[in-house]
Amino acid sequence: MNTSELNKVAEAMVAPGRGILAADESTSTIKKRFDVIGVESTPITRRDYREMLFRSEAMSKRISGVILYDETIRQNAKDGTPLVKVIEQAGALPGIKVDKGTKPLPFCPGEVVTEGLDGLRERLTDYRELGAKFAKWRAVIDIGAGAIPSYTCIRTNAHALARYAALCQDEGIVPIVEPEVLMDGDHDIERCYQVTELMLKIQFEELYFQRVALEGMVLKPNMVVPGKKSPKLVSVEEVAEKTLRVLKACVPAAVPGIAFLSGGQSDEEATAHLDAINKSGPLAWRVTFSYGRALQAAPLKAWSGKPENVATAQRAFGHRAAMNSLATLGQWKTDLERKAA
C-alpha cells in the first residue's frame, strides 16, 4: 500500500470548491427515474444522459470525482471515447461502486447487511485497469421501533465496510466509506445523533482493526437530521451544530475529508446544511458533498430524453453544482437560489 499516493487522490477528491457526483445508480434505480420523465431506460439512453453530465462545463469547475456503476465505467461516449476518459479530460477522477447491495441480516428482522466482499479483490483489479481511482461501498442503517438498529446490524456493517476499505487500499484504490443512517421514519434529531454516533465510533474501531490508513480514505456520512415523518422540525443551524458535534467526537483529524450524502433531503436543504457546517469552521477535515439526486433531479427533469434539451439540462446541473461548490466554502446564500429561479 502506497499511503502517499492514496492520500494524494483522497485530497484531490475533497479539493476546495469541488465535490463528488454520485452517478452510480443501478439499472433498476435509474429506470425508476427515467419512468418519471417518460424515457425508456436502455444502455444508450443511460449513456446519453450520463455523457451529458460528464461533458458539462460544471464538471471542470465544480466536480472532483464521479462515482460510476459497472455498466457506465465500461461504456464509450457517442463519439467512441471511453466515458472514463471524458471524466478525466474534464479534470475529475473516475470512481466505482463496488458493493452488491443489501440482503436481510440473519436473526435481525427488518435489518440488512451490505454484501459484495466475495471476489472483491479481483473486481478491484479490473476496475483499476479500467481507470478507477476510488471506490464506494454503502452500508444502510435504519432507525426503527424498539431495538432497531441492533448492535449486531451496526457491527456487522461496520466490519464489512472496513474489510472493503482495506482491500481497496491494498489494490491502490481510495475507499469512500459510507455508513448511512437513513432519514426514513418518525424519529427526532436526537435519536439520529445517538445512532450516528454509535455507528461512527464502531466504524473507526473496525477500520483500525483492519489496518486501514485513514489518510487514504474519504468518509461519506449522513447529516444528523430528523426522520422525514418526524413532527419535530429543526433549523438549519441545529442540523449543522449536531452534525459537527458528532463528527468532532468520532472522526479523527487524519481523515482528509468528509463528503456528505444528501440522503433524501431536498436540493436546497442539502446545500443549506452543507453551507452552515462549513460556516462553522475552521474544521479538521475538508467538508464537501457526494450527492446524487441533490445534483441530478433538476437536470434530469430538464433533459427529459430530448437532445434539444441538453444545453438547458447542463445549465441546471451547473447551477446545482455551483450552489454546492459555494456551500463547501461557506459562501452560499439563499438569495442566490432566488436569483436563479
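Convex hull of alpha carbon positions in the range 231-341: directionally averaged projected area 8.1 nm². Show me, for the range 208-214, the HN-Hα J-couplings you get by feeding each phi into the Karplus relation (A = 6.51, B = -1.76, C = 1.60, θ = phi - 60°), rounded to Hz, glycine and proline as x. Values per residue, Gly and Pro as x: 5, 4, 8, 6, 6, 7, 4 Hz.
Which FRET efficiency value, to the nearest 0.05, do you get for residue 89 and residue 147 by plugging their Cβ-Cβ distance into 1/(1 + (r/R0)^6) with R0 = 51 Å? Step by step, r from the Cβ atoms, then E = 0.50. Across all directions, the shadow cast by the convex hull of the range 25-181 built on its C-alpha atoms averages 10.6 square nanometres.
Split the accessible area of the chain by element, probe 1.4 Å, and carbon with sulfur accounts for 52%. Distance between the modelled labels on residue 35 and residue 236, one decimal in nanometres: 3.5 nm (7 Å Cα→Cβ projection).
Calculated on C-alpha atoms, the gyration radius of the chain divided by its Kirkwood radius gives an Rg/Rh of 0.94. Sequence-distant contacts, meaning Cα pairs under 8 Å at least 6 residues apart, place the relative contact order of the range 216-327 at 27 percent.
With the convex hull drawn around the C-alpha atoms of the range 159-278, the volume per residue stands at 96 Å³.
If you add up the charges near residue 227, with Lys and Arg at +1 and Asp and Glu at -1, over every other residue whose beta carbon is less than 12 angstrom from its beta carbon, what do you get? Before the final figure, lay out each step's value.
On the way: positive: 191, 228, 229, 232; negative: 142, 184, 186, 188, 190.
So the environment of residue 227 carries a net charge of -1.
The values are calculated or read from the model by the stated rules, or taken from the named source; none is laboratory data. For clarity, every value in this text was computed on a predicted model and none was experimentally measured. All Cβ positions, even for glycine, are placed from backbone atoms using ideal geometry, and neighbour counts span all protein chains on display. The protein model used for the area step is the full one, side chains on, heavy atoms only, and it has no ligands, DNA or RNA in it. Shrake-Rupley method; radii C 1.70, N 1.55, O 1.52, S 1.80 Å.
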